[in-house]
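Just so it is clear, none of the values below were taken in a lab; they were calculated from the coordinates. Quick caveat: nothing in here was measured; it's all calculated off a predicted structure. Cβ sites come from the backbone with ideal geometry, for glycine too, and all protein chains shown count toward neighbours.
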Amino acid sequence: MKKIVLVLSIFFSYGYAIAESQYSYEELIEIQSVLLDSYSSDSDESIAISLSNVSYKIAENLIQDFIANKDPSLIKDAIDSLDISISIFPNNKKFYLLKGDLLYLIRKYDTFYLDAMRAYEDSEDAIFESKKSFVALIDLYTNQELYSEAVFLIRKMLSFDSSWLLNEFFDMTITLTVLANNQSKMLESLDFVADQYTIEIPNVYLAKSYLSLSLNDYESVKSSHAKYEAAKVFSKDAKISVQAETISNYLKMKAEANE
């Protein structure tokens, strides 16, 4: 008990001490209980910060227990604890991001798809800082056949990390864009990226070429593919892809037909 009192005094004085320290789950629960008894809307800010931090830390501990035991009730308990943090600081978007991750973990145990999507959406731009969460939300959208929503998110990611998206998430970007019939909007976004990066990301041009192919725009296919081939010479990241082979075969076929 003396250790708990000492820890609480540190919380009250420094607020964020919990983020840098390790305590057992039982100790964290006891600390949370004491802080909950002390907390109100009129409480000192240090109590609010401490309660928020310890509740977040409890959620993180429960995630590790879930990974080991696969008991979905642990995630539900983690969400209950995280909701305390959210209620104290509703503008902290990273809390919603973690809540989305938690709900995504147990999506197969119950119907948490909509709750997970809502939490991720409430995280706003914080989701672009976590590739794992971004991919999870795309997966949720795809599962629910919300292709337009997925493509809107992908287009926003272009502004945050074009290189990662077009190199590591290329296939899904193309597939979902075609499924959403959103090629024209995506081509506009790719034009903006191309103006910034020129030859640094060859897949900008590969994406433009493949999407133009889906629109039967032969001249754009040919022009973008030529830029892709030129940019690829100067890039170490360019990889041979199914899309590149498809376009090459298409252009060869067109050339032979015109001979």
Original post:
Can you tell me which residues in segment 115-131 are closer than 20 Å to K76 by Cα, surrounded by fewer than 17 Cβ atoms within 10 Å (Cβ to Cβ) and under 12 Å from the mean Cα position of the chain (by Cα)?
Top reply: E121
Original post:
Are any residues in segment 148-175 crowded, with 18+ Cβ neighbours inside 10 Å and closer than 13 Å to L137 by Cα, and if so, which ones?
Top reply: E149, A150, V151, L153, I154, M157
Original post:
Do you know which of the residues in segment 176-197 that are closer than 17 Å to Q144 by Cα and among the β-branched types (V, I, T) is surrounded by the fewest Cβ atoms within 10 Å (Cβ to Cβ)?
Top reply: V178
Original post:
So which residues in segment 135-171 are touching a Ser or Thr at 6+ places or on another chain (Cβ under 9 Å) and closer than 13 Å to N203 by Cβ?
Top reply: L158, L165, L166, F170, D171
